[in-house]
């Protein structure tokens, strides 16, 4: 009979918890309060302000409509056998939804 090294009845070998579970290890070790950026401390760049000013005029529903349209176009392309094109168009969906979310946040919270 072969012997394995995974004998669970051997009480002489005690496993220690992984290093990341040690309470003395902190993810912010060495960081101090002055290292973080406080709200309003760092301003947006001029290009960002101009982009947000223009895109905030776009209704949030336009991004959702673009995402749903992409799903529809992708489904049609898939149905007619153009699967590569369908996958390409389907990849637009999360982009439109993310842009819509960003647009909504800018409208609700402002650019700064």
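Values in this text are rule-based calculations from the coordinates and carry no lab data. Small disclaimer: the values here were computed from a predicted structure and weren't measured. We place every Cβ from the backbone using ideal geometry, glycine too, and count neighbours over all the protein chains shown.
The table below gives the values:
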{"item": "Hydrodynamic radius of region 60-112 per Kirkwood, over alpha carbon pairs, in Å", "result": "11.7"}
{"item": "Inter-label distance for residue 62 and residue 46, nm, one decimal - labels placed 7 Å from Cα along Cα-to-Cβ", "result": "2.5"}
{"item": "Distance cut-off 13 Å, percentage of C-alpha pairs in region 42-89 lying past it", "result": "66"}
{"item": "Modelled FRET efficiency - R0 22 Å, residue 71 with residue 104, Cβ distances, 0.05 increments", "result": "0.65"}
{"item": "Inter-label distance for residue 53 and residue 97, nm, one decimal - labels placed 7 Å from Cα along Cα-to-Cβ", "result": "3.3"}
